[in-house]
Amino acid sequence: MPLLDGFGRIATDLRISVTDRCNLRCTYCMPAEGMTWLPRADVLTFEEIDRLVRIFVSLGVRTVRLTGGEPLARRDVPKLVEMIAAHDIDDISMTTNGTTLAKHAHALRAAGLERINVSVDSLLRHRFAEMTRRDALDSVIEGLTAARDAGLWPIKLNCVVVRGTNDDEVVDFARLARDTGYEVRFIEFMPLDADESWSRASVVPSSEVIEAIDRVFALERIVRGTEPASVFRFADGAPGSVGVISSVTEPFCASCDRIRITADGQFRTCLFALDEIDLRAPLRDGRSDEEIAAAIAAAVERKWAGHRIGARSFVRPSRSMSAIGG
Ligand code: SAM
Ligand code: SF4
């Protein structure tokens, strides 16, 4: 029974937040101080996550991504990777800030993780520190090297582009892609920052990013499935690629196949959803897999057409990005 919504989309991609905690404080995501963490008892156990994955797979989910908060801030995450990789899925991946990846890369690979997305917003140490409020660029670079050594491939870099902050580095990131074979994905800044400093003016449209790179390194578009990223290769055949995720200027809601579980077991059918379905209570109240599956299917059926960033009627979700799970 596939997870079909009222607009004919089928949900097959599940994002699981394993923790709301993080060791960085990226300005576009978390506040500098004062974030309240979920009580430990509210966070799903690995066994509960595993059971949910089994239910979601029975409903047609084919790919799983672990995220957070910082997924590697949770102890024993490779163990969870191993549990999830044992299910009948096509792909398991992770989005991490990379700061502790050097320590975990080999264990993650051994547990069944094949590829990884690492967030890096600046290649300049002082600016990285400004954007993440921690001086951690060196450890991320070490993490990237370790990931490659461990055989995690492809490596994708996620870079949130913020106007007047790091938009002068997009060509440097493209050069890094050519030098390393990484796919660098530029993400438009979305109104999910805890500080609520987002404004339309702070968004750098993806079209502008691609034009800036294309002026230096000619690009050719690669057509690739229903992925939200538009991906480009280098016309001169250099390794690596660049991609853009244009959630604000060209939303991909019409083909969205994503669904999410927060660290405390709330089910969301959209990053910007204003409502959540509690899956933790039924998990802990002894409900059957069938009952939980029915609640999930009913929520997907009600999934809205898409977010309305920019519209007068747009309402920010009450949780910010790190608490939802990006
Ligand atoms: N801590 C991990 C990391 O940073 O990769 C995983 C969680 S993080 C919330 C997932 C992704 O969301 C990261 O690539 C991050 O850059 C991105 N992100 C966070 N806040 C964002 C925002 N307001 N707009 C766009 N992307 C954002
Ligand atoms: Fe942490 Fe990731 Fe949010 Fe940065 S983007 S504060 S690394 S959860």
With region 61-163 as the region, which helices (runs of 4 or more DSSP H) entirely inside it contain at least 2 residues that are under 26 Å from E33 (Cα atoms)? 125-132, 137-150
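Is it fair to say T27 is touching a residue at least 40 places away in the same chain (Cβ under 8 Å) and open to solvent by less than 40 Å² (accessible area, probe 1.4 Å)?
No; evaluated as a whole, the condition is false for this residue.
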Do we find that R316 is open to solvent by 20 Å² or more (accessible area, probe 1.4 Å) and either out of contact with any Leu (no Cβ under 6 Å at 6 or more places or on another chain) or in contact (Cβ under 8 Å) with a residue 40 or more places away in the chain (or both) in this structure? yes
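Restricting attention to region 191-202, and to residues there that are surrounded by fewer than 21 Cβ atoms within 10 Å (Cβ to Cβ) and not polar (S, T, N, Q), which single residue is nearest to the chain's Cα centre (by Cα)?
Within region 191-202, the first condition is being surrounded by fewer than 21 Cβ atoms within 10 Å (Cβ to Cβ), and the residues that meet it are 194-202.
Still in the list and also not polar (S, T, N, Q): 194-196, 198, 200-201.
Values: A194: 17, D195: 19, E196: 20, W198: 19, R200: 21, A201: 23 Å.
Once the filter is applied, the top-ranked residue is A194.
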Within the group A41, A86, A107, A102, which residue is away from ligand 1 (no atom under 11 Å from the Cβ), surrounded by 16 or more Cβ atoms within 10 Å (Cβ to Cβ) and over 29 Å from N166 (Cβ atoms)? A107
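Sort out which residues of region 214-230 are open to solvent by less than 60 Å² (accessible area, probe 1.4 Å) and at pLDDT 95 or above, and write them in order of number. Steps first, please.
Taking region 214-230 as the starting set, the residues that turn out to be open to solvent by less than 60 Å² (accessible area, probe 1.4 Å) are 217-219, 222, 228-230.
Matches in region 214-230: F217, A218, L219.
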Can you find even one residue in region 233-244 that is part of a strand (DSSP E or B), at pLDDT below 95 and on the phi < 0 side of the Ramachandran plot? no
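Would you mind stating whether S202 is of a type in the set (S, T, Y) and within 11 Å of ligand 1 (Cβ to nearest atom)?
So S202 fits the description; yes.
Kindly indicate the residue of region 1-53 that is more than 11 Å from ligand 2 (Cβ to nearest atom), of a type in the set (K, R) and within 21 Å of the chain's Cα centre (by Cα) and also nearest to M94 (Cα to Cα) among those meeting that condition.
So the first thing to find is which residues in region 1-53 are more than 11 Å from ligand 2 (Cβ to nearest atom), and the list is 1-16, 18, 33-34, 36-53.
Going one step further and asking which of them are of a type in the set (K, R), we end up with 9, 15, 40, 51.
In the following step, the residues that additionally are within 21 Å of the chain's Cα centre (by Cα) were identified as 9, 15.
Values: R9: 24, R15: 9 Å.
Looking at residues that are more than 11 Å from ligand 2 (Cβ to nearest atom), of a type in the set (K, R) and within 21 Å of the chain's Cα centre (by Cα), I get R15.
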All but one of (1) away from ligand 1 (no atom under 16 Å from the Cβ); (2) in a loop (DSSP other than H, G, I, E, B); (3) closer than 21 Å to S17 by Cβ hold for S313, so report the exception by its number. (3)
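Here's the yes/no breakdown for (1) under 22 Å from D20 (Cβ atoms); (2) touching a residue at least 60 places away in the same chain (Cβ under 8 Å); (3) of a type outside the set (S, T, Y):
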position: M35; (1), (2), (3): yes, yes, yes
position: D42; (1), (2), (3): yes, yes, yes
position: V57; (1), (2), (3): no, no, yes
position: T67; (1), (2), (3): yes, yes, no
position: R75; (1), (2), (3): yes, no, yes
position: M83; (1), (2), (3): yes, no, yes
position: D88; (1), (2), (3): no, no, yes
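Please find, among G60, G69, G8, the residue that is small (G, A, S) and either within 11 Å of ligand 1 (Cβ to nearest atom) or farther than 20 Å from P228 by Cβ (or both).
Working: G60 fails: either within 11 Å of ligand 1 (Cβ to nearest atom) or farther than 20 Å from P228 by Cβ (or both); G8 fails: either within 11 Å of ligand 1 (Cβ to nearest atom) or farther than 20 Å from P228 by Cβ (or both).
It is G69.
Just checking, how many residues over region 153-199 are more than 11 Å from ligand 1 (Cβ to nearest atom) and modelled with pLDDT under 95?
So the first thing to find is which residues in region 153-199 are more than 11 Å from ligand 1 (Cβ to nearest atom), and the list is 153-155, 163-184, 199.
Those still in the list that are modelled with pLDDT under 95 too: 199.
Final tally of qualifying residues: 1.
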Please pick out the residue among S322, S255, S247 that is small (G, A, S) and surrounded by fewer than 20 Cβ atoms within 10 Å (Cβ to Cβ). S255
Hits in region 110-140 - residues which are of a type in the set (A, V, I, L, M, F, W, C) and either open to solvent by 30 Å² or more (accessible area, probe 1.4 Å) or over 16 Å from R185 (Cβ atoms) (or both): A110, A111, L113, L123, L124, F128, A129, M131, A136, L137
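The values are calculated or read from the model by the stated rules, or taken from the named source; none is laboratory data. Please read all numbers here as calculations on a predicted model, not as lab measurements. Cβ sites come from the backbone with ideal geometry, for glycine too, and all protein chains shown count toward neighbours. Areas reflect the complete protein model, heavy atoms only, side chains present, ligands, DNA and RNA absent. Shrake-Rupley method; radii C 1.70, N 1.55, O 1.52, S 1.80 Å.
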